[in-house]
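Working notes, beginning with the structure itself.
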Amino acid sequence: MAKRHPTPIIGVLAVQGDFAEHIRMLETLGVAAREVRLPADLAGVDGLILPGGESTAMRKLLHRWDLVKPIKALAKRGAPILGTCAGAILLATKIADGDEPVLSLLDVEVRRNAFGRQLESFETNLVMEGLGNDGRSRTTHAVFIRAPEIVNVGPSARAVAALEDGRIVAARQGRILGIAFHPEITGETGVHRWLIAEASAALG
Amino acid sequence: MPAPKRAKTSTWATKSGLAQMLKGGVIMDVVNPAEAKIAEEAGAVAVMALERVPSDIRRDGGVARMSDPDMIKGIQAAVSIPVMAKARIGHESEARILEALDVDYIDESEVLTPADDRFHINKHDFKVPFVCGCKDLGEALRRINEGAAMMRTKGEAGTGNIVEAVRHIRTVAEEIAALKGQSEKRLRAAAKEMRVPYELVKLTVKAGRLPVVNFVAGGIATPADAALSMWLGADGVFVGSGIFKAKKPANTAAAIVQATTHWKNASILAEVSAGLGEAMKGIEMRTIPEGERLSKRGW
């Protein structure tokens, strides 16, 4: 008989961005989601999503409300963290062209707005390396909006998805996953399922 | 480097998707690169580049048009957040120019003097996404049907008075609520009356909200005004004259950003509202003749 895990609580950073879309995805998957705007909201959270949005605005709000330290502590305790688009920028250890890194939890260098302005936002299919135990790669439909690119993957992280031209758009370091696109607006549930499974596993 | 060759650009998902990324944020009117920097530094999610803020347009009178492309380029160079710009209602050519400038969103705006008294821009024909204003559900759905990927309730721009903004967002919500649970026959009648396809009405009623992101605009001057907008169900706020006509623009801008995030938290609202000095003076609605109300432009 499969061991029954308690259901994890997933926090979604709600200072700005499309956090409601992520919460809807989690609820569709039967998981309790919690909006995170202040450090106290992180208490009892088993996993965290950093949504899409404007990374410059989110960065300021994270610093203003002292969220950087407690999020780092959450990662240190082994909680999985997913960052989409702006969220991936917040996770990176390096940001090209000068900006200071924010959370430094994912050993990659990202470039903001790497494809250009809005007219270069796009949709495409790409292959994402398997995240679950079966390790199977899957084709996923991805929407990129003024998206970042992962220009360098450091020794601690691993690229898990690239565009047809080879540009890297997702990377993973253990339980930290950063992706440049938006499964929350296409309704692709793969990464959310992964996050929930990791959070459940961490719960024991 | 641009999008990959085989990828699809300017799809509905990318157009409406950018607006989704702006949610919970503040879009600020700016008239030069220095103001754009202040807005970005305060935590704005985007800036609206225009030559004069609405309160100055109101004061100066005359015809208000699209901004000088050099000014828009200067602002694009100064900040890394999205840059929006305004075209006159129905002015296809101004919109084509803004598209050529690679702006991130075009606001087909009643704040500028309308160019066409019969037709709004056919927004489906453009690669760049559009945001449009509305006072009620019918106006919102007509704009969405024309291709708008984001809406904003109009309020009364340049007044620093939120009463019209509140009226407009309440009207949209009440009109959607009134259609809930109605028969197909009634919905078809409503669609006919609003001059939009039945499917669009059905989609809206099912979602219980507009089918695109909807911000509040027109008259927001304080952090409390931003919080009220969010409380009424807005996805985010536009602030025009309210920031750079305030005594302390940078502080006011940052405080409005904080209030938009923490709109449910009254003690944070109290904290960020303190010490901002004088807000923009503002205008009482009774003193503006009907013919001079910007929100009456567009239909």
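The values are calculated or read from the model by the stated rules, or taken from the named source; none is laboratory data. Just so it is clear, the structure is predicted and the values come from calculations on it, not from any experiment. Cβ placement follows ideal geometry from the backbone for every residue including glycine, while neighbour counts extend to all protein chains displayed. Note: areas computed on protein heavy atoms with side chains; ligands, DNA, RNA excluded. Shrake-Rupley method; radii C 1.70, N 1.55, O 1.52, S 1.80 Å.
Tell me, what ³J(HN,Hα) does each residue in the stretch A:178-183 have, in order and in whole Hz, if you take phi through Karplus 6.51 cos²θ - 1.76 cosθ + 1.60 with θ = phi - 60° and put x for Gly and Pro?
Residue by residue, the stretch A:178-183 yields x, 10, 8, 10, 10, x Hz.
Under a straight-distance cross-link criterion of Cα-Cα below 13 Å, which aspartates and glutamates are reachable from B:LYS245, leaving out those fewer than 8 residues away in the same chain?
B:ASP29, B:GLU35, B:ASP56, B:GLU278
What does the charge count near B:ILE288 come to, summing +1 for each Lys or Arg and -1 for each Asp or Glu among other residues with Cβ under 11 Å from its Cβ?
Net charge in that neighbourhood comes out at -1.
Please label the shape of the stretch A:67-170 as rounded, prolate or oblate, based on the square roots a ≥ b ≥ c of the eigenvalues of the alpha-carbon gyration tensor (a/c under 1.5 means rounded; beyond that, a/b larger than b/c means prolate, else oblate).
Because a/c hits 1.5 or more and a/b fails to exceed b/c, the stretch A:67-170 counts as oblate.
For peptide A:110-118, how many partner chain Cβ atoms fall within 10 Å of a residue's Cβ, on average?
Mean shielding by partner chains, rounded to a whole number: 5.
Give the lysines reachable from A:LYS69 as a straight Cα distance under 26 Å; neighbours fewer than 8 places away on the same chain don't count.
Those lysines meeting the cut-off are A:LYS60, A:LYS94, B:LYS23, B:LYS264.
Hey, which of these cross-link pairs are over 22 Å Cα-Cα: B:LYS73/B:LYS248; B:LYS15/B:LYS192; B:LYS73/B:LYS127; B:LYS37/B:LYS247; B:LYS123/B:LYS154; B:LYS127/B:LYS154?
Cα-Cα > 22 Å for B:LYS73/B:LYS248; B:LYS15/B:LYS192; B:LYS127/B:LYS154; rest within.
Near the amide H of A:ASN152, under 5 Å away, which other amide H atoms are found, from residues 5 or more places off or on another chain, if H is placed in the peptide plane?
The answer is A:GLU109.
Toward the positive end of the charge dipole of chain A, about the Cα centre and with charges on Cβ (Lys, Arg +1; Asp, Glu -1), which of A:GLN16, A:VAL45, A:PHE115 goes farthest?
A:VAL45
Cross-link partners among aspartates and glutamates for B:LYS135, C-alpha distance below 13 Å, same-chain residues fewer than 8 apart left out?
In chain and number order, the partners are B:GLU110, B:GLU156, B:GLU164, B:GLU174, B:GLU175.
In what sequence, largest accessible area first, do A:ARG172, B:ARG143 appear using a 1.4 Å probe? Don't skip to the end; give the middle numbers.
Working: A:ARG172 40, B:ARG143 5 Å².
Ranked from most to least accessible, the order is A:ARG172, B:ARG143.
Order the following by accessible area, largest value first: A:VAL12, A:VAL151. Probe radius 1.4 Å; ligands, DNA and RNA are ignored. Could you put the intermediate results ahead of the total?
Working: A:VAL12 0, A:VAL151 45 Å².
Output order, biggest surface exposure first: A:VAL151, A:VAL12.
Run the helix sum for chain B: -39,500 (n - 2.57) per DSSP H stretch of 4+ residues, divided by residue count, reported at 222 nm to the nearest 500 deg cm²/dmol.
On the way: 13 runs with 128 residues, N = 299.
About -12500 deg cm²/dmol.
Might you work out the accessible area of B:SER241 for me, using a 1.4 Å probe with all protein chains in place, and round it to the nearest 10 Å²?
Number for this one is 10 Å².
List the residue ranges in chain A for DSSP H helices whose C-alpha atoms run 18 angstrom or more along the long axis and whose Kyte-Doolittle average is -1.0 or above. Let's see the in-between values first.
On the way: long enough: A:190-203 (20 Å, 0.73).
Counting only whole DSSP H runs, the qualifying helices are A:190-203.
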